[in-house]
Amino acid sequence: MKTHTSKIDNWIYVVLGLSVVLPVFIGWVSAGITLWPLYLISGGMGAFFLWLYLATKYVIAGGVLTIHGGLFKVTIPVASITSVTDTRNPLASPAFSLDRLEIKYSEEKIILISPKDKAAFLTDLGWPTG
């Protein structure tokens with residue numbers, strides 16, 4: 001069994017940082033605002049993003065690629081994969097980077113992923129890298 005994590009782009013760190021810090025900053029500069037709800041919301045958002053990142057992985061085992069992304073899981077038989085190409089498609093997907101792989105499988109279904117080490121992922125998948 002081979003497990004690959006998602007690559008993460010720097011801009012995601014900025015978005016995450018702003019989503020956690022901005023509500024607290026706004027509450028702090030606003031007079032008369034109780035801060036504990038803002039800390040709770042910001043902490044919850046930070047915890048959610050961290051969980052989402054840690055839960056996003058790509059597992060190759062027994063001729064099956066299993067893609068975990070938060071609450072959902074997609075299972076793809078490796079034999080049903082018809083193409084794997086590089087893409088920067090920004091569509092929603094279980095990927096934390098725009099440096100992605102587009103996987104076509106089973107009658108033109110498509111999923112986008114962003115393994116941290118694309119070459120190792122493709123090798124483990126048994127797909128040609130060049």
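The values are calculated or read from the model by the stated rules, or taken from the named source; none is laboratory data. Note that this is a predicted model, so its numbers are computed, not measured. Cβ placement follows ideal geometry from the backbone for every residue including glycine, while neighbour counts extend to all protein chains displayed.
You will find that of 42, 93, 114, the residue that is among the polar types (S, T, N, Q) and in contact with an Asp or Glu (Cβ under 8 Å, 6 or more places away or on another chain) is 114 and no other.
Take the conditions closer than 23 Å to residue 119 by Cα, of a type in the set (Val, Ile, Thr) and modelled with pLDDT under 95 and apply them to residue 8. Does it pass? So residue 8 fits the description; yes. Scanning the range 24-71 for residues that are of a type in the set (Ser, Thr, Tyr), free of Cβ contacts under 8 Å to residues at least 12 places away in the same chain and either outside the structural domain of residue 115 (by TED's automatic domain parsing) or assigned to a helix (DSSP H, G or I) (or both) returns 30, 34.
Only residues that are surrounded by 16 or more Cβ atoms within 10 Å (Cβ to Cβ) and either of a type outside the set (A, V, I, L, M) or under 30 Å from residue 119 (Cα atoms) (or both) were counted across the range 13-51, and they come to 5. Restricting 75, 66, 56, 85 to those that are closer than 15 Å to residue 12 by Cα and polar (S, T, N, Q) reduces the list to 56. For the range 104-128, the set of residues classified as under 18 Å from residue 5 (Cβ atoms) and surrounded by 15 or more Cβ atoms within 10 Å (Cβ to Cβ) consists of 111, 112, 113, 114, 115, 116, 118, 121, 122, 124, 125, listed by residue number. When 74, 84 are checked against the criterion of being more than 16 Å from the chain's Cα centre (by Cα), outside the structural domain of residue 11 (by TED's automatic domain parsing) and in a strand (DSSP E or B), 84 stands alone in meeting it.
The residues on offer are 75, 66, 87, and the sole one that is among the hydroxyl-bearing types (Ser, Thr, Tyr) and exposed (fewer than 13 other Cβ atoms within 10 Å of the Cβ) is 75. Which of the residues belonging to the range 30-71 are among the hydroxyl-bearing types (Ser, Thr, Tyr), farther than 16 Å from residue 7 by Cβ and under 13 Å from the mean Cα position of the chain (by Cα)? None - no residue of the range 30-71 is among the hydroxyl-bearing types (Ser, Thr, Tyr), farther than 16 Å from residue 7 by Cβ and under 13 Å from the mean Cα position of the chain (by Cα), so the list stays empty.
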